[in-house]
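Q: Structure in structure tokens, see below.
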Amino acid sequence: MDINEFRKRGHELVDWMADYFENIEQYPVKSGVAPKDIIRQLPESPPEKGESFNVIFNDFQEIIIPGMTHWQHPSYFAYFNANNSYPSVLAEMLTATMGAQCMIWQTSPAAAELEERVMQWTAELIGLPKEWDGVIQETASAATLVSLLSAREKYSDYEVNRGGFYNRQKFTVYCSTETHSSIEKAVKIIGLGKENLRKIEVGDEFAMIPERLEEAVIRDREQGFIPLAVVATFGTTGSTAIDPLEPIADICREYNIWLHVDAAYAGTALVLPEKRHLIKGIEKVDTFVFNPHKWMFTNFDCSAYFVKDKEPLIRSLEILPEYLKTKEGSRVNNYRDWGIQLGRRFRALKLWFVIRTFGASGIREKVRNHIQWAQELVQEIEASEDFELLAPVPFATICFRYKPKGVSDRDELNRLNQQLMETLNDSGKMYLTHTKLKGIYTLRLVIGQTNQEKRHVDQAWKRIKATAANLSG
Ligand SMILES: *Cc1c(COP(=O)(O)O)cnc(C)c1O
């Protein structure tokens, strides 16, 4: 491919991209292919001779597209969204074109300084303390990992990094039973051992019970453990429950425990001043993560990680081989020392494009709409005789199930709801997923796709009701 063809194909692809967005509702939301359908169509060995762009792009359309689930479809209600938006996609094109490795300031000063500024903007957007530092991590999982690592190092006087984890007193970590799997993964990866992760009981609304946390901490101290860290979740993955921050933070203060907040999904809701009361006590937290790549219209990956004190983070992770020493030294941020990997993509650019294009008010308007539509649907579900709500809805994720009159057997209801979900998803018209709450098969509908409108939510609810009526009828 030469530069002339690059230019020509580039224009064609931008047209394809715009057509894709314009016609996205004509695609089935969830791909309907069977296992191995795709790989069977791919040659076992790479081509010896280069192929033409036409042939490659044709295969993209014929083989790849049918095997894609369309996450930007406005009838996508599954998992949590992984949104993009027009300005975000355009910025990603520029990032890909420059192909810069933004590991240290010198390898692209603008990338480092834009990231610093855009993280300040983001902190301000969601009401975090002004003095905190922010850095973009690849995922919330990675942010939680470096948070717990920072805690391990700070609380061991940086001894584990030096001498390894031998003959030390055991550290314990606390989270709720509803916490995301990335916490256990992090505990395993950094050598704390999953036996030393305490999953604290939740109350009726799936939030951590602070009294249970304190009891566990006291018990562990009596038995010679060192309580190291608590991970509080702001918006759990199952039901978007909110662990009560202030009482948890007070326990952490009292017993000198590190506190990390995982707000991967719901952090975006904090753009709304009316939601800020939910993080009362935030100034007592050590670290906080949320994902603009979920609900803030920015392409994956873009996870915003904030720290009250950057020293434990940098001291835990910094490396300085000869070839990375530069004369700017500590006057600049070298983000390779703020995360796991050395090489870094220029991710701040898309967030900058997104925030500037929508403006703070544009972001707030979208998020406020999503929450409003969710609350309206909640009212419909509550008013319906054949459906019931299974958890509070503080944001825009609704946990509910079909419960037709006359059916009360739990297994029968679980089976019916699974069948309802699979029928809806197989239709290609909408996509939602499930969770289990207290052993109940729970349908989980997430409102929040970038270009979603009220009508998509209305259609989904109509479709759910009609499909359910057909199941039993
Ligand atoms: C989605 C989610 C995660 C994982 O996010 P990644 O960025 O994919 O690692 C972690 N915690 C919670 C509460 C989540 O909802």
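The values are calculated or read from the model by the stated rules, or taken from the named source; none is laboratory data. Keep in mind that what you see is a predicted model, and the values were worked out from it rather than measured. Neighbour counts run over all protein chains shown; Cβ positions are idealised from the backbone, glycine included. Quick note on the areas: whole protein, heavy atoms, side chains included, nothing else; ligands and nucleic acids left out. Shrake-Rupley method; radii C 1.70, N 1.55, O 1.52, S 1.80 Å.
Q: Is there any pair linking a residue in the stretch 404-422 that is over 15 Å from Thr442 (Cβ atoms) and touching a residue at least 12 places away in the same chain (Cβ under 8 Å) to one that is open to solvent by 10 Å² or more (accessible area, probe 1.4 Å) and in a helix (DSSP H, G or I), with Cβ under 6 Å and at least six apart or on different chains, and which?
A: Pro404/Ser472
Q: Here's another thing I want to ask about it. Could you pull out every one of the strands (runs of 3 or more DSSP E) wholly within the stretch 385-446 that has 3 or more residues that are open to solvent by less than 20 Å² (accessible area, probe 1.4 Å), among the hydrophobic types (A, V, I, L, M, F, W, C) and touching a Leu at 6+ places or on another chain (Cβ under 8 Å)?
A: On the way: elements: 387-389, 397-402, 433-437, 440-446.
The qualifying strands (runs of 3 or more DSSP E) are 397-402, 440-446.
Q: Give the residue that is nearest to the ligand (Cβ to nearest atom), with candidates limited to residues of the stretch 235-244 that are touching a helix residue (DSSP H, G or I) at 6+ places or on another chain (Cβ under 8 Å) and open to solvent by 10 Å² or more (accessible area, probe 1.4 Å). Spell out the reasoning first.
A: Within the stretch 235-244, the first condition is being touching a helix residue (DSSP H, G or I) at 6+ places or on another chain (Cβ under 8 Å), and the residues that meet it are 235, 240, 242, 244.
Next, only the ones that are open to solvent by 10 Å² or more (accessible area, probe 1.4 Å) stay: 242, 244.
Details: Ile242: 11, Pro244: 16 Å.
By that ranking, first place goes to Ile242.
Q: Then there is this: What number of residues within the stretch 229-255 satisfy the criterion of being part of a helix (DSSP H, G or I) and closer than 16 Å to Glu201 by Cβ?
A: Initially, the stretch 229-255 is screened for residues part of a helix (DSSP H, G or I), giving 245-254.
Cutting the leftovers down to closer than 16 Å to Glu201 by Cβ gives us 247-248, 251.
Total meeting the criteria: 3.
Q: Has the stretch 344-356 got at least one residue that is farther than 30 Å from Ser316 by Cα and small (Gly, Ala, Ser)?
A: Of the stretch 344-356, the ones farther than 30 Å from Ser316 by Cα are 353-356.
Of the ones still in play, those that are also small (Gly, Ala, Ser) are none.
No, the stretch 344-356 has no match at all.
Q: I would also like to ask the following. In the stretch 245-274, how many are within 16 Å of the ligand (Cβ to nearest atom) and either surrounded by fewer than 23 Cβ atoms within 10 Å (Cβ to Cβ) or of a type in the set (A, V, I, L, M) (or both)?
A: Restricting attention to the stretch 245-274, the residues satisfying the condition of being within 16 Å of the ligand (Cβ to nearest atom) are 245, 248, 259-270.
Of the ones still in play, those that are also either surrounded by fewer than 23 Cβ atoms within 10 Å (Cβ to Cβ) or of a type in the set (A, V, I, L, M) (or both) are 245, 248, 259, 261, 263-264, 266, 269-270.
Residues in the stretch 245-274 being within 16 Å of the ligand (Cβ to nearest atom) and either surrounded by fewer than 23 Cβ atoms within 10 Å (Cβ to Cβ) or of a type in the set (A, V, I, L, M) (or both): 9 in total.
Q: Go through Ser88, Ser75 for me and flag whichever is of a type in the set (Gly, Ala, Ser), crowded, with 17+ Cβ neighbours inside 10 Å and farther than 13 Å from Ala348 by Cα. Reasoning before the result, please.
A: On the way: Ser88 fails: farther than 13 Å from Ala348 by Cα.
Step by step, each of Ser88, Ser75 is checked, and only Ser75 is of a type in the set (Gly, Ala, Ser), crowded, with 17+ Cβ neighbours inside 10 Å and farther than 13 Å from Ala348 by Cα.
Q: Could you tell me whether Gln26 is over 16 Å from Arg347 (Cβ atoms) and either open to solvent by less than 40 Å² (accessible area, probe 1.4 Å) or touching a residue at least 40 places away in the same chain (Cβ under 8 Å) (or both)? Spell out how you get there, then give the answer.
A: Details: over 16 Å from Arg347 (Cβ atoms): yes; either open to solvent by less than 40 Å² (accessible area, probe 1.4 Å) or touching a residue at least 40 places away in the same chain (Cβ under 8 Å) (or both): no.
For Gln26, the condition - over 16 Å from Arg347 (Cβ atoms) and either open to solvent by less than 40 Å² (accessible area, probe 1.4 Å) or touching a residue at least 40 places away in the same chain (Cβ under 8 Å) (or both) - is not met.
Q: Can you tell me which residue within the stretch 307-356, out of those that are of a type in the set (Lys, Arg) and open to solvent by less than 40 Å² (accessible area, probe 1.4 Å), is farthest from the chain's Cα centre (by Cα)? Quick ask: steps written out before the conclusion?
A: Restricting attention to the stretch 307-356, the residues satisfying the condition of being of a type in the set (Lys, Arg) are 308, 310, 315, 325, 327, 331, 336, 344-345, 347, 350, 356.
When the remaining residues are screened for being open to solvent by less than 40 Å² (accessible area, probe 1.4 Å), the result is 336, 344, 347, 350.
Working: Arg336: 22, Arg344: 19, Arg347: 15, Lys350: 17 Å.
Among residues in the stretch 307-356 that are of a type in the set (Lys, Arg) and open to solvent by less than 40 Å² (accessible area, probe 1.4 Å), the one farthest from the chain's Cα centre (by Cα) is Arg336.
Q: Does at least one position in the stretch 207-229 carry a residue that is under 21 Å from Glu184 (Cα atoms), within 15 Å of the ligand (Cβ to nearest atom), open to solvent by 10 Å² or more (accessible area, probe 1.4 Å) and small (Gly, Ala, Ser)?
A: yes
Q: Looking at (1) in a loop (DSSP other than H, G, I, E, B); (2) more than 13 Å from the ligand (Cβ to nearest atom); (3) touching a residue at least 12 places away in the same chain (Cβ under 8 Å), find the lone condition where Leu320 falls short.
A: The number of the failed condition is (3).
Q: Here is a follow-up. Residues to consider are Ile189, Ile251; find the one that is more than 24 Å from the chain's Cα centre (by Cα) and among the β-branched types (Val, Ile, Thr).
A: Numbers: Ile189 fails: more than 24 Å from the chain's Cα centre (by Cα).
Answer to the selection: Ile251.
Q: Another question, if that's okay. Could you name every one of the helices (runs of 4 or more DSSP H) located completely within the stretch 131-192 that has at least 1 residues being surrounded by 21 or more Cβ atoms within 10 Å (Cβ to Cβ), within 14 Å of the ligand (Cβ to nearest atom) and assigned by TED's automatic domain parsing to the domain that holds Ile319?
A: Once the helices (runs of 4 or more DSSP H) in the stretch 131-192 are filtered for at least 1 residues that are surrounded by 21 or more Cβ atoms within 10 Å (Cβ to Cβ), within 14 Å of the ligand (Cβ to nearest atom) and assigned by TED's automatic domain parsing to the domain that holds Ile319, what remains is 140-155, 181-189.
Q: Of the residues Ser52, Ser45, Ser75, Ser85, which is under 17 Å from the mean Cα position of the chain (by Cα) and either more than 16 Å from the ligand (Cβ to nearest atom) or free of Cβ contacts under 8 Å to residues at least 12 places away in the same chain (or both)? Explain how you work it out, then say what you get.
A: Details: Ser52 fails: under 17 Å from the mean Cα position of the chain (by Cα); Ser45 fails: under 17 Å from the mean Cα position of the chain (by Cα); Ser75 fails: under 17 Å from the mean Cα position of the chain (by Cα).
Exactly one of Ser52, Ser45, Ser75, Ser85 is under 17 Å from the mean Cα position of the chain (by Cα) and either more than 16 Å from the ligand (Cβ to nearest atom) or free of Cβ contacts under 8 Å to residues at least 12 places away in the same chain (or both), namely Ser85.
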